[in-house]
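Participant: This is the structure I want to talk about, given as structure tokens.
The values are calculated or read from the model by the stated rules, or taken from the named source; none is laboratory data. It should be emphasised that the depicted structure is a prediction, and the values quoted were computed from it without experimental measurement. Please note: Cβ atoms are built from the backbone with ideal geometry, for glycine as well, and neighbour counts cover all protein chains shown.
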Amino acid sequence: MFNVQDIRKDFPILYRKVNGKPLVYFDNAATSQTPQQVIDIIVDYYSNYNANIHRGVHTLSQEATDLYEQARHKIQAHFNAKFSHEIIFTSGTTHSINLVANGFSSLLKKNDDIIVSALEHHSNIVPWQMLCERTKANLKVIPMNEDGELIMSEFDKLLSKNTKLVFVNHISNALGTINPIEYIIKKAHQVGAAVLIDGAQSAPHINPDVQALDVDFYVTSAHKICGPTGVGMLYGKEEWLNKLPPYQGGGEMIAEVTFEKTTYADLPHKFEAGTPNICGGIAFGAAIDYMNSVGFNNIATYENELLEYGTKKLLEIEGLKIYGTSKHKTSVISFNLEGIHPYDVGTILDKLGIAVRTGHHCAQPIMDFYKIPGTIRASFAFYNTKAEIDTLVEGVKKAKMMLS
Amino acid sequence: MSIEEVQNEIIDEFSMFEDWEERYQYMIDLGKDLPLIDDQYKTERNIIKGCQSKVWVHAEMDDNKIEFTADSDAIITKGIIAILIRTFSNQHPKDIIAANTDFIDKIGLKEHLSPTRANGLVSMVKQLKMYAIAYQTQLN
């Protein structure tokens, strides 16, 4: 049975005060909070298992290796990858995307097309721009509509035999729109293009099945799903990962080295040069265990309730406009008060202990589309409450009063 | 009045406020009253881009003293600009170069001048000093 008050007890940070007020944490789309169960795993690792992995013959090294590889298996099972070596540990979503972009630089040629969406985070635009500069491939963009949804008929028109890669986020970080990735993957495959899905925003809300989706690459970060920062993953189909060249040179990623030639290690080690974030990887696995113990169906149902409640309450404030009004969205509300800069509202809310994100959310093209400097973004997690939303609404009213 | 005297005057004014709300309300009112920069100077060249809010600054020298005008698209940022301009404007370039902004700490607004705040204010203070250095060079 899902009980939010019980869940909150797992998160020590939710009991701290900010500027003398109880913290209301609504910046979950930027980073989620860490439950005690994951904190304990981190402490346990450094207290009992800390060692370098994969090469030591001593007990600590073997135990640490076992824990790290168990985490990989947990991640594999969670996303339903066919093989555990299809899960590559990275430092996070951005690293994963760069790894794929870099790999594609040897596969692309002039006049090939890469398609991205208008809803992308900057980290999803810049690597492809760099790749296109290097390879003389073209970057094409799926446009969005006023509701913040991608226009699929336009996507259909962009596809051709020149399309080599399609890159879309599963959920927009700035607006919360859930993109129709099933359709995008199916259509892209019909022209022989590979698809990379950015799951940074979806992994905390939806439990994707990479085999059912038939997606070629799926990337996410641990810190979005109650894990630590600095660790994430790249899922890639075995055939694709074998096709891509290694990203970084170093220890762990080699099979044999002479000065004449180096042969690379098998998957996943080919992409995991150097000592990895061992504790982070283990804690990533623990975070997935935690999320599954809460249950993704419970999470989705409850967060939807928060979204509906928050949307209704915020819209009661005169002059408040919500950006991103798709019927298919997660618990993200991006909004502005008429005639008031989002930075000002965010500053007043912070004084009241309410953490929201303000600005362009690293998604300037979206802000340009709406012709606004940015928005105030409140993003809810399963440990938030309706009472906290009431606090937000009162805070926004106060900010409005002070600023107009 | 010297820069230090103006800063002390501001510290006195802020000491009357009981809580953050009064401080912020005052700052917001200052922001609203800030003499706007002439539109002809609100150019791309005079813009200081923060990640969150934009700031425009223009400087002119008259009788060996620099006069600054500025604006921002966010009102709280504008309020802080009003305070900074009050201390730095109508001062001799060499005094501006030597001045510091420690008083911002004393009036409880330190967080706004933090580099992580990304509101353009840190760059703005740098820009005010750059103008002072440039005008000082002219005077030498």
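Participant: Only residues that are within 14 Å of chain A (Cβ to nearest Cβ) and among the charged types (D, E, K, R): list them for segment B:74-87, please.
Facilitator: B:78
Participant: Restricted to segment A:259-282, and to residues that are among the aliphatic types (A, V, I, L, M) and within 19 Å of residue A:83 (Cβ to Cβ), which residue is farthest from the chain's Cα centre (by Cα)?
Facilitator: A:265
Participant: May I pose another question? For residue B:86, which of the numbered conditions (1) basic (Lys, Arg); (2) loosely packed, with under 14 Cβ neighbours inside 10 Å; (3) farther than 24 Å from residue A:342 by Cα fails to hold?
Facilitator: Against the list (1) basic (Lys, Arg); (2) loosely packed, with under 14 Cβ neighbours inside 10 Å; (3) farther than 24 Å from residue A:342 by Cα, residue B:86 comes up short only on (2).
Participant: Among the helices (runs of 4 or more DSSP H) confined wholly to segment A:21-110, which include 1 or more residues that are over 27 Å from residue A:128 (Cβ atoms)?
Facilitator: A:36-44, A:59-79
Participant: Report whether or not residue A:310 is more than 14 Å from chain B (Cβ to nearest Cβ), surrounded by 14 or more Cβ atoms within 10 Å (Cβ to Cβ), closer than 28 Å to residue A:87 by Cα and of a type outside the set (Val, Ile, Thr).
Facilitator: Answer is no for this residue.
Participant: Looking only at segment A:350-382, count every residue that is within 13 Å of residue A:24 (Cα to Cα) and within 12 Å of another protein chain (Cβ to nearest Cβ) and tell me the total.
Facilitator: Total meeting the criteria: 5.
Participant: Also: Of the numbered conditions (1) more than 10 Å from every other protein chain (Cβ to nearest Cβ); (2) without any contact (Cβ under 8 Å) to a residue 60 or more places away in the chain; (3) within 14 Å of residue A:392 (Cα to Cα), residue A:334 satisfies every one except a single condition; which is it?
Facilitator: Here residue A:334 meets the rest and fails (2).
Participant: Would you check which residues across segment B:1-37 are touching a Leu at 6+ places or on another chain (Cβ under 9 Å) and farther than 21 Å from residue B:71 by Cα and list them?
Facilitator: Correct list: B:14 only.
Participant: Sort through A:338, A:394 and tell me the only one that's at pLDDT 95 or above, of a type in the set (D, E, K, R), more than 20 Å from residue A:30 (Cβ to Cβ) and touching a Gly at 6+ places or on another chain (Cβ under 9 Å).
Facilitator: A:338
Participant: Right, next: Quickly run through segment A:158-175 and pick out the residues that are within 25 Å of residue A:333 (Cα to Cα), assigned to a loop (DSSP other than H, G, I, E, B) and modelled with pLDDT of 95 or more. Full working, then the answer.
Facilitator: Pass one, segment A:158-175, residues within 25 Å of residue A:333 (Cα to Cα): A:167-175.
Then keep just the ones that are assigned to a loop (DSSP other than H, G, I, E, B); that gives A:170, A:172-175.
Selection gives A:170 alone.
Participant: Given the condition crowded, with 19+ Cβ neighbours inside 10 Å, within 19 Å of residue A:156 (Cβ to Cβ), at pLDDT 95 or above and touching a helix residue (DSSP H, G or I) at 6+ places or on another chain (Cβ under 6 Å), answer yes or no: does some residue in segment A:197-207 qualify?
Facilitator: Among the residues of segment A:197-207, at least one is crowded, with 19+ Cβ neighbours inside 10 Å, within 19 Å of residue A:156 (Cβ to Cβ), at pLDDT 95 or above and touching a helix residue (DSSP H, G or I) at 6+ places or on another chain (Cβ under 6 Å), which makes the answer yes.
Participant: Hey, another quick one. Please name all residue pairs, on different chains or six or more residues apart, with Cβ atoms under 8 Å, provided the first residue is in segment B:61-75 and is without any contact (Cβ under 8 Å) to a residue 24 or more places away in the chain and the second residue is of a type in the set (A, V, I, L, M, F, W, C).
Facilitator: B:67/B:59; B:67/B:61
Participant: Specify which of the listed residues (A:120, A:146, A:154) is over 30 Å from residue A:284 (Cβ atoms) and touching a strand residue (DSSP E or B) at 6+ places or on another chain (Cβ under 7 Å).
Facilitator: Unique residue meeting the criteria: A:154.
Participant: Of all residues in segment A:199-244 being in a strand (DSSP E or B) and over 21 Å from residue A:289 (Cα atoms), which is farthest from the chain's Cα centre (by Cα)?
Facilitator: Step one: filter segment A:199-244 for residues in a strand (DSSP E or B), giving A:217-221, A:232-236.
Checking which are over 21 Å from residue A:289 (Cα atoms) leaves us with A:217, A:236.
Details: A:217: 13, A:236: 16 Å.
Per the stated criteria, the residue is A:236.
Participant: Which number in (1) more than 26 Å from the chain's Cα centre (by Cα); (2) surrounded by fewer than 23 Cβ atoms within 10 Å (Cβ to Cβ) marks the one condition that residue A:341 misses?
Facilitator: (2)
Participant: Can you pull out every residue in segment A:102-137 that is under 24 Å from residue A:178 (Cβ atoms), in contact (Cβ under 8 Å) with a residue 24 or more places away in the chain and of a type in the set (A, V, I, L, M)?
Facilitator: A:114, A:115, A:116, A:118, A:119, A:125
Participant: On to the next question. Under 6 Å between Cβ atoms, which residue pairs at least 6 apart in sequence (or on different chains) link something in segment A:70-86 that is within 18 Å of residue A:216 (Cα to Cα) with a partner that is basic (Lys, Arg)?
Facilitator: Within 6 Å, the pairs are A:84/A:72.
Participant: Do you know which residues across segment A:176-193 are touching a helix residue (DSSP H, G or I) at 6+ places or on another chain (Cβ under 9 Å), assigned to a loop (DSSP other than H, G, I, E, B) and surrounded by fewer than 20 Cβ atoms within 10 Å (Cβ to Cβ)?
Facilitator: Of everything in segment A:176-193, just one residue is touching a helix residue (DSSP H, G or I) at 6+ places or on another chain (Cβ under 9 Å), assigned to a loop (DSSP other than H, G, I, E, B) and surrounded by fewer than 20 Cβ atoms within 10 Å (Cβ to Cβ), namely A:180.
Participant: Being within 23 Å of residue A:400 (Cα to Cα) and not charged (D, E, K, R) narrows it down to one residue among B:77, B:43; which is it?
Facilitator: B:77
Participant: From the set of residues in segment A:366-399 that are among the small types (Gly, Ala, Ser) and in contact (Cβ under 8 Å) with a residue 40 or more places away in the chain, which is surrounded by the most Cβ atoms within 10 Å (Cβ to Cβ)?
Facilitator: For segment A:366-399, the residue satisfying everything is A:378.
Participant: In segment B:66-82, what residues are within 21 Å of residue B:11 (Cα to Cα) and either out of contact with any helix residue (DSSP H, G or I) (no Cβ under 6 Å at 6 or more places or on another chain) or hydroxyl-bearing (Ser, Thr, Tyr) (or both)?
Facilitator: B:77, B:81
Participant: If you check residue A:114 against the conditions, is it part of a helix (DSSP H, G or I), surrounded by 23 or more Cβ atoms within 10 Å (Cβ to Cβ) and of a type outside the set (Lys, Arg)?
Facilitator: In short, no.
Participant: If a residue has to be surrounded by fewer than 20 Cβ atoms within 10 Å (Cβ to Cβ), among the polar types (S, T, N, Q) and within 14 Å of chain A (Cβ to nearest Cβ) to count, how many in segment B:30-73 make the cut?
Facilitator: Residues flagged as surrounded by fewer than 20 Cβ atoms within 10 Å (Cβ to Cβ), among the polar types (S, T, N, Q) and within 14 Å of chain A (Cβ to nearest Cβ) within segment B:30-73 amount to 0.
Participant: Hey, residue A:303 hits all of (1) touching a Ser or Thr at 6+ places or on another chain (Cβ under 7 Å); (2) closer than 22 Å to residue A:64 by Cβ; (3) charged (D, E, K, R) but one; which does it fall short on?
Facilitator: Just one mismatch for residue A:303, condition (2).
Participant: Something else: Suppose the filter is out of contact with any strand residue (DSSP E or B) (no Cβ under 8 Å at 6 or more places or on another chain) and of a type outside the set (Lys, Arg); does residue B:66 pass it?
Facilitator: no
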